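Step one of this worksheet: look at the structure below.
Rule-based calculations on the coordinates, nothing more; no lab input. In this text, all values refer to a predicted model and were calculated from it rather than measured experimentally. Please note: Cβ atoms are built from the backbone with ideal geometry, for glycine as well, and neighbour counts cover all protein chains shown.
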Amino acid sequence: MYTQKVIDHFMNPRNKGKPREYDAVGKVGNPICGDVMYIYIKVNGNRIENIGWETMGCAAAISTSSMITELARGKTLEEAEKITKKDIADALDGLPPIKMHCSNLAADGLKKAIENYRKKVEK
């Protein structure tokens, strides 16, 4: 059902947890499946310097949380905003169709964190 990459990111999650220092958080959830995801970003010079996550959900939700951090770290905010659910699923060598909503959460969580960061710096 799951690819080796999905299993690897579930069993050995990258960047798990709330970083000690972060500039913004994006919280997203899916009421249908009950998954809740928090994506934390630390920005330095318009680049995501550090990123972490906390997720309550299934293996796919945890794997996509882990993968989004790998994809976004070091990118500019504009580059990171362009990461799509397809990019995440492709990086994990695919997700079962019934689990694609989990990759939506990871992409949406990152976009929400960036949006919240921009609101803070515009003040």
Helix 59-72 axis, angle to the chain major axis (alpha carbon atoms, nearest 10°) = 40 degrees
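Find how much the distance from T76 to N104 grows on full extension, using 0.36 nm per residue of separation minus their present alpha carbon separation; answer in nm with one decimal.
This chain segment gains 8.1 nm when fully extended.
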For the stretch 4-122, percent of DSSP beta bridges that are antiparallel (nearest 5) comes out at 95 percent
So the angle from the long Cα axis of helix 100-122 to the longest Cα principal axis of the chain, reported in degrees to the nearest 10, equals 0 degrees
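By how many nm would the segment from M11 to N44 grow when fully extended, if each residue of separation counts as 0.36 nm and the alpha-carbon distance is taken off? Please list the in-between numbers first.
Details: separation 33, 0.36 × 33 = 11.88 nm, distance 3.00 nm.
My answer for the length gained is 8.9 nm.
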So what are the ³J(HN,Hα) numbers for the stretch 4-21, from phi and the Karplus equation (6.51, -1.76, 1.60; θ = phi - 60°), rounded to whole Hz, Gly and Pro as x?
-> 4, 5, 4, 4, 4, 5, 6, 7, 10, x, 9, 6, 6, x, 7, x, 4, 10
Each residue of the stretch 46-58 in order: what ³J(HN,Hα) in whole Hz does its phi give by Karplus 6.51 cos²θ - 1.76 cosθ + 1.60, θ = phi - 60°, with x for Gly and Pro?
-> 6, 10, 6, 7, 9, 8, x, 7, 9, 9, 10, x, 6
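A 30 angstrom limit on the alpha carbon distance is what I want to check against. Which of K75/K119; K5/K119; K18/K99; K5/K120; K16/K75; K99/K123 exceed it? Present the calculation step by step, with values, prior to reporting the outcome.
Numbers: K75/K119 19 Å; K5/K119 35 Å; K18/K99 24 Å; K5/K120 35 Å; K16/K75 18 Å; K99/K123 38 Å.
In this structure, K5/K119; K5/K120; K99/K123 lie more than 30 Å apart at Cα.
Could you rank the peptides 54-64, 83-93 by their average count of other C-beta atoms within 10 Å per residue, with the highest value first? The partial results should precede the final answer.
Details: 54-64: 22.1, 83-93: 18.0.
The most tightly packed comes first, giving 54-64, 83-93.
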Could you tell me what fraction of 2.2 N^0.38 Å the Cα radius of gyration of the stretch 4-122 comes to, as a two-decimal ratio?
-> 0.96
